[in-house]
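The values are calculated or read from the model by the stated rules, or taken from the named source; none is laboratory data. The structure displayed is predicted, hence computed values, not measured ones. Heads up, the Cβs are rebuilt from the backbone with ideal geometry, glycines too, and the neighbour counts pull from every protein chain shown. Note: accessible area is taken over every heavy atom of the protein model, side chains too, but ligands, DNA and RNA are not part of it. Shrake-Rupley method; radii C 1.70, N 1.55, O 1.52, S 1.80 Å.
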Amino acid sequence: MGHFNSRDSRATVDIALVIPLSGPAGMFGPSSEACATLAVEDINAMGGILDRPVRLHPIDSGAPLAQLASQIGRLVDRGEIDGVVGWHLSNARKVITPRTAGRVPYVYTTFYEGGEDSDGVYMVGETPDQQLFPALRWMRAEFGIRRWCVIGNDYVWPRETSRATREFTAGTDIEIVGESYVPLGSRRFTRALELIRHSPAQGVLLFMVGSDCAAFNRAFARAGLDDGRLRLSMMIGEDVLYAGGPDSTRGLHTASGYFESVISPEGMDFGSRYVRRFGSYAPALNNIGESCYEGMLLFASLAEAARSLDPHLIERHAAQVSYDGPRGEVRVRGAHTTQPVFLADADVLEFSVLAELDG
């Protein structure tokens, strides 16, 4: 009888919100939870999902991976959740997909290294060919930057993204002239800083997470390496700028599908509603938190198009799905979404958009 709280008999749609509440990416947790909460309130105000109100169950993706996997596995096995949505590191995604594949839909809300093809997984985020490669092409054309060093945390997203970048640059006059990886949570940056100092790199590609990225940016500036070298940092929100401080952001760039500073009716409406709901001391609104709002909209749109929470029915209808959110109109293509992507530079402690990139 243990399984009778089955999904179909519940009056609610229950979603595990998997976000980092601890660890190096923990600084993104509060904005992720706030944005997802706002999305649920919006969805419920419009009648919920399949005429049922939505409930969120926050889960810490910063927990040890084995613990995270078994927690998700238990919730799926007992029929306590109808799906998983969230922003978390790719090493967490890799342990979650075996527990959800073919059983419940899973919306992963951040850009990532590409290549995910597990059953029932949908991506809100940009892949390198939508985001990183156009940024590299733009910085080559506009700033003449041809030679890059890669500095990343030592796990799947930085290493796979670096591999994909090497493949991309092989057909161009852009080159990767060195790479160095630092364990998650480490502050031992000497080898990485020396590599940059002694290499011919004009730019540094940063694949580092949260507080690690902020600490590296401080060390980079202290070492005087920001004099004449630009940085292109992926997976970085305004909270990383605040944590690094105003002296650490000279020459720092990023590319993303969302910036609070993009002047669009949808984006500005979202920003003002966020502040109204959570107050002026709310967690900084950033592309990572906002992706959790998008993820909830995508989950709702997928379920409504299929009129079901069954991942196989959802897959059959996914090709027709699109929705309007803070990023404008977002469409599903395969397991991914298409959206505009922007390049921005850090203007002390906020991002200022320089260009919309061509994918």
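Quotient of the Cα radius of gyration of the range 116-265 and 2.2 N^0.38 Å, N being its number of residues: 1.02.
For the range 203-359, the solvent-accessible area works out to 38 Å² per residue, with a probe of 1.4 Å and every protein chain left in place.
Against the chain, whose longest principal axis is taken from its Cα atoms, helix 287-306 shows a tilt of about 30°.
Shown in residue order for the range 223-236 are the 3J(HN,Hα) couplings computed by the Karplus curve 6.51 cos²θ - 1.76 cosθ + 1.60 at θ = phi - 60°: 7, x, 7, 7, 8, x, 10, 8, 10, 10, 10, 9, 6, 9 Hz (x for Gly and Pro).
Between Gly62 and Leu21, Ser22, the built amide H atoms are under 5 Å apart, and every one of these is 5 or more places off in sequence or on another chain. Normalising the average separation of contacting C-alpha pairs (under 8 angstrom, six or more residues apart) by the number of residues puts the relative contact order of the range 163-217 at 31 percent.
Of the residues Met235, Met46, Met296, the one that moves most in a GNM of the chain with alpha-carbon contacts below 10 Å is Met46. Full extension of the segment from Glu194 to His312, taken as 0.36 nm per residue of separation minus the current Cα-Cα distance, would add 37.4 nm. The overall shape of the chain, judged from the alpha-carbon gyration tensor, is prolate: a/c is not under 1.5, and a/b is greater than b/c.
Per residue, the average separation of C-alpha pairs within less than 8 Å and at least 6 apart gives the chain a relative contact order of 20 percent. For Glu179, nonlocal amide neighbours, meaning residues 5 or more places apart or on other chains whose placed amide H falls under 5 Å from its own, are Val150. Among Arg159, Arg222, Arg99, the residue with the largest mean-square fluctuation in a Gaussian network model of the chain, with springs joining Cα atoms closer than 10 Å, is Arg222. Applied to the range 34-44, the Karplus parametrisation 6.51 cos²θ - 1.76 cosθ + 1.60 on θ = phi - 60° returns per-residue 3J(HN,Hα) values of 4, 5, 5, 4, 4, 4, 5, 4, 5, 5, 5 Hz, with x for Gly and Pro. Here's the picture: charge each Lys and Arg Cβ at +1 and each Asp and Glu Cβ at -1 in the chain, and of Tyr242, Cys149, Leu232 the one pushed furthest to the positive end of that dipole is Cys149.
Between Ala11 and Arg147, the contour length at 0.36 nm per residue exceeds the alpha carbon distance by 43.3 nm. Here the chain has 50 percent of its accessible surface on carbon and sulfur atoms, given a 1.4 Å probe and all protein chains in place. In this structure, the amide hydrogen of Arg231, modeled 1.01 Å from its nitrogen in the peptide plane, lies closer than 5 angstrom to those of Val204, Leu252, His253, counting only residues at least 5 positions away or on a different chain. Taking Gly152, Gly279, Gly178 in turn, the Gaussian network model of the chain (Cα-Cα springs below 10 Å) assigns the largest fluctuation to Gly279. Rounded to the nearest 500, the helix-only mean residue ellipticity at 222 nm of the chain stands at -12000 deg cm²/dmol, with each DSSP H run of n ≥ 4 adding -39,500 (n - 2.57).
In percent, rounded to a whole number, the relative contact order of the range 127-277 is 21, using alpha-carbon pairs under 8 Å and six or more apart. Would you mind computing, in nm to one decimal, how far apart the modelled labels at Glu80 and Gln67 are, each placed 7 Å from Cα along Cα→Cβ? Distance between the two pseudo-spin positions: 1.6 nm.
Phi-derived couplings, Karplus 6.51 cos²θ - 1.76 cosθ + 1.60 at θ = phi - 60°, listed residue by residue for the range 254-269: 8, 10, 6, x, 9, 9, 4, 7, 5, 7, 9, x, 5, x, 5, 4 Hz, with x used for Gly and Pro.
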